[in-house]
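Novice: Submitted below is the structure of interest, expressed as structure tokens.
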Amino acid sequence: MRIGTRPPGHDPVRGGLRFAVEMTAWVCTPWALWSYFVPLANGVVLLLIGLPALFGTPGNRPGGDPPVAVPGIDTIALVVLQAVAAAASAWALWGTWVATSVTALCLILPLTKLPRWRAPLSATHRPG
């Protein structure tokens, strides 16, 4: 790779969109669950933040490899989990306009991540 170039899908717009979806999931999901069951609200924080911090596909993170390597499909599932949590908690907490906007961001996220996901997906289908 040439100096100053990035792998496909590693740019500020895609990263910013993922960051917005992750932050919404991290803040709003425990907030939505708090009035029902406090231990569940605390546990979901560990789940939504801890799993992606611990597990990942080698070579997929710009900052380095994860502590525990998993196939690309697992990394993608963690991103989808965060998007679903963000959208569901937005509908539980806020009015239609805000929840619709968050849901739209969560639906756009996978489309913007496709270039980045091609490499991890191809790593899961290695010829045997």
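Novice: Quickly work out the D74-to-L93 label distance, labels modelled 7 Å from Cα along the C-beta direction, and quote it in nm with one decimal.
Specialist: 2.9
Novice: Kindly sort L48, L105 by accessible area of their heavy atoms, largest first, with the probe set to 1.4 Å.
Specialist: L105, L48
Novice: So which chymotrypsin sites (Phe, Trp or Tyr not before Pro) in the range 1-104 are both in a DSSP loop and have at most 14 other Cβ atoms within 10 Å of their Cβ?
Specialist: Those that pass, being in a loop and sparsely packed, are Y36, F37.
The values are calculated or read from the model by the stated rules, or taken from the named source; none is laboratory data. None of these values were measured; they are calculated from a predicted model. Cβ atoms come from the backbone with ideal geometry, glycine included; neighbour counts cover every protein chain shown. Surface accessibility is based on the protein's heavy atoms, side chains included, excluding ligands, DNA and RNA. Shrake-Rupley method; radii C 1.70, N 1.55, O 1.52, S 1.80 Å.
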